[in-house]
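Below you'll find the structure, written out as C-alpha cells, and then a few comments.
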Amino acid sequence: MTTGAIFLDRDGVLIEDRADYVKSWDEVHIFPHTFAAMRKLATAGLPIIMITNQSAVGRGIITSAFVEEIHRRLVEEIEANGGRVDAVYYCPHHPQEECDCRKPQPGMLKQAARELGLELSASYLVGDAVTDIEAAQAVGVQGFLVRTGRGEAQSRLLALRPDLGAAVTADLDAAADCILTDSGYLLLPESKIRSV
Ligand SMILES: [Mg+2]
Ligand SMILES: [Zn+2]
C-alpha cells in the first residue's frame with residue numbers, strides 16, 4: 001500500500017534561513033515553534049521527509065559530510081523533542097550544474113516517491129519559497145508556503161503566480177494544523193486555497 005508523505009524544506013521552515021549558508025552547528029537556529037509542530041506532524045501517520053537545496057556544497061563552501069552531520073544533529077534534536085524525521089534528501093549541486101534535483105525541479109520528490117513507495121498526489125510540502133511550491137506542484141503535491149524565513153517576501157511573489165495553488169500559513173505549526181485537519185487541501189486542478 002502506498003501512502004502520502006509530508007515533505008519539509010529545511011532553511012526558513014525548520015530553522016532560520018541564512019543568506020550566507022549554515023557553516024557550523026552554531027549557525028543552526030531552530031525556530032521556537034519547530035518542535036511543537038514536529039510533534040504534531042508525527043501524529044499524522046505519514047512519513048516525514050526533509051528535502052533541501054544545499055548548493056553551498058557545489059559552491060565549495062561546505063562539504064557533503066558536513067551537511068550530513070548537520071542533518072544528523074538536527075534530526076536528533078527533533079527526535080529528542082518528541083518529533084520524527086524519516087528520511088532526508090538534499091541537493092548538493094551548484095545552480096549552474098542544472099541538475100534535476102535542485103528545487104524548483106521535483107527530482108528529490110520523485111526520488112523519495114520511488115525509493116519509499118510514496119503517493120505524491122496524497123502528499124504535502126511545506127516550504128518558504130516559490131521554488132518549493134513549484135517543485136511540489138510539478139508532481140501534484142499540495143504546497144504550503146510559510147511566512148517564516150524567506151516566506152514573507154516570497155508570499156508576495158506567489159500572489160503574482162495564479163498558476164500556483166498553495167496555502168499560505170504563518171509558520172510550520174500553522175501548516176501542521178492544516179495538514180492534520182485536512183479534508184480538502186489536496187490539490188484539485190482548479191482549487192486554490194489562500195489565507196493571505
Ligand atoms: Mg527554504
Ligand atoms: Zn541537484
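A few points about this structure:
- Matching residues in segment 32-49 - criterion: being touching a strand residue (DSSP E or B) at 6+ places or on another chain (Cβ under 9 Å) and in a loop (DSSP other than H, G, I, E, B): Ala44, Gly45, Leu46, Pro47
- Considering segment 110-121, the residues that are crowded, with 16+ Cβ neighbours inside 10 Å and among the small types (Gly, Ala, Ser) include one that is nearest to ligand 1 (Cβ to nearest atom), namely Ala112.
- Matching residues, segment 153-180, being of a type in the set (D, E, K, R), within 22 Å of Met38 (Cβ to Cβ) and surrounded by fewer than 20 Cβ atoms within 10 Å (Cβ to Cβ): Asp177
- If the condition is being over 25 Å from Thr169 (Cα atoms) and in a helix (DSSP H, G or I), then segment 114-128 contributes Arg114, Glu115, Leu116.
- Output for segment 86-109, where each listed residue is away from ligand 1 (no atom under 16 Å from the Cβ), farther than 21 Å from Lys23 by Cβ and part of a loop (DSSP other than H, G, I, E, B): Asp86, Glu98, Cys99, Asp100
- Of all residues in segment 1-21 being without any contact (Cβ under 8 Å) to a residue 60 or more places away in the chain and within 20 Å of Ala87 (Cβ to Cβ), the one that is farthest from ligand 2 (Cβ to nearest atom): Met1
- Scanning segment 50-70 for residues that are outside any loop (DSSP other than H, G, I, E, B) and within 16 Å of ligand 2 (Cβ to nearest atom) returns Met50, Ile51, Thr52, Asn53, Ser55, Ala56, Val57, Gly58, Ser64, Val67, Glu68.
- Residue, farthest from ligand 1 (Cβ to nearest atom), within segment 1-31, restricted to residues that are farther than 19 Å from Ser55 by Cβ and outside any loop (DSSP other than H, G, I, E, B): Thr3
- Filtering segment 129-149 to residues that are part of a helix (DSSP H, G or I) and within 16 Å of ligand 2 (Cβ to nearest atom) leaves Thr131, Asp132, Glu134, Ala135, Ala138.
- Whenever a residue of segment 85-106 is on the phi > 0 side of the Ramachandran plot, its partners that are in a loop (DSSP other than H, G, I, E, B) and within 11 Å of ligand 2 (Cβ to nearest atom), lying with C-beta atoms within less than 9 angstrom and at least six residues away or across chains, give the pairs Glu98/Gln105.
Bear in mind these aren't lab numbers, they're just calculated from the coordinates by the rules spelled out. Everything numeric in this text was worked out from a predicted model, so none of it was measured. When we count neighbours, we look across all protein chains shown, and the Cβ atoms used for this are built from the backbone with ideal geometry, even at glycine.
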